[in-house]
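Below: one structure, written as structure tokens.
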Amino acid sequence: MDPVRAFDQLQADYWTTRTNLRSHDHPVVRSFANQRVEFIKGKFGDWRPSTALEVGCGDGFGMQHMNTLVDDIHGCDLSPAMLEANPAPADRLTLAEAYDLPFESDQFELVYCWELLHHVGDPSRAVSEMKRVGRRAVMLCEPNSLNVAMAAFGLLEPAERGLLRFTPGYTKRLLVEAGLSRVTVYSVACFTPNQTPPWLARVLSLLPYRWPYVGLYNIAIGYL
């Protein structure tokens, strides 16, 4: 089996029966997501997408908070367990892999992912497919391997090892090479949604959100 297929199989096996450690409405998850969505709103300016697709929507972590930015959100994921745990209406959820999205070209104004691509063996192929079904913008939110704590997490946890290639430059390059324009990338956040203790998250949420180069996550936005 080639390395990409082997990586994808490892991820599929890992997520077959797992969901996130915390639900979308956990206080730490909610604080983390609200910070991210407010930052995204600021970068979009006056634009509010009419439709959006979250690729790798999982158990609703992103969808349930991005709905303050866009009303008509659809999601897809390869894990039945994740989709079963997702509180979104069933008609908004689709079982699908990122390499072959069962949607029309140009169907959604915004196509985005939250922490998906480091679980994919061929991120470039997935981003190209995201671009195909997008009409105006594609956004990638991924861990930042330039952050020492995040890199250590990737080294220690086999299912997360794919994050080690996700520097700000690599994340930006995925959009540029897919043919998107006006691509910008931001390193942000100083706590994680699934591991940070609630008391510590409350303290860290008071700190600045953007941490150039060394934030825990990268947010990259490109336009069609």
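The values are calculated or read from the model by the stated rules, or taken from the named source; none is laboratory data. Since this is a predicted model, take the numbers as computed values, not measurements. Note that we place each Cβ from the backbone using ideal geometry, even for glycine, and neighbour counts take in every protein chain shown. Quick note on the areas: whole protein, heavy atoms, side chains included, nothing else; ligands and nucleic acids left out. Shrake-Rupley method; radii C 1.70, N 1.55, O 1.52, S 1.80 Å.
For the chain, what does the accessible surface come to per residue with a 1.4 Å probe? Please give it in Å².
That works out to 45 Å² per residue.
Each semi-axis of the equivalent ellipsoid for region 137-213 is √(5λ) with λ an eigenvalue of the Cα gyration tensor; in descending order they amount to 24, 17, 10 Å. Quote the FRET efficiency, to the nearest 0.05, computed for Val148 versus Asp91 with a Förster distance R0 of 35 Å and r equal to the Cβ-Cβ distance. Result of the calculation: an efficiency of 0.20. Rounded to the nearest 20 debye, the dipole size of the chain about its Cα centre is 900 debye, using +1 on the Cβ of Lys and Arg and -1 on the Cβ of Asp and Glu. Rounded to the nearest 0.05, the FRET efficiency derived from the C-beta distance between Leu200 and Asp2 at R0 = 45 Å is 0.60.
Once you charge only the Cβ atoms, +1 for Lys and Arg and -1 for Asp and Glu, what is the size of the charge dipole of region 138-197 about its Cα centre, to the nearest 20 debye?
200 debye
Rounded to the nearest whole Hz, the Karplus-based 3J(HN,Hα) values (6.51 cos²θ - 1.76 cosθ + 1.60, θ = phi - 60°) of region 160-168 follow the sequence 9, 5, x, 5, 5, 8, 8, 7, x, with x at glycine and proline. Which of the aspartates and glutamates could a cross-linker span from Lys172 if the Cα-Cα distance has to be under 14 Å and same-chain partners fewer than 8 positions apart are dropped? List returned: Glu142.
On the beta carbon distance between Glu104 and Arg161, with R0 = 35 Å, the FRET formula returns roughly 0.55.
Here is the tail figure for region 2-108: Cα pairs spaced more than 21 Å apart come to 41 percent of all pairs. Between Lys172, Lys131, Lys41, the residue with the greatest mean-square fluctuation in the GNM of the chain (Cα pairs under 10 Å linked by springs) is Lys41.
Each label point was placed 7 Å from the Cα along the Cα-to-Cβ direction; for Thr184 and Thr16 their separation is 4.3 nm. Rg/Rh for the chain (Cα atoms only, Rh after Kirkwood) is 0.92.
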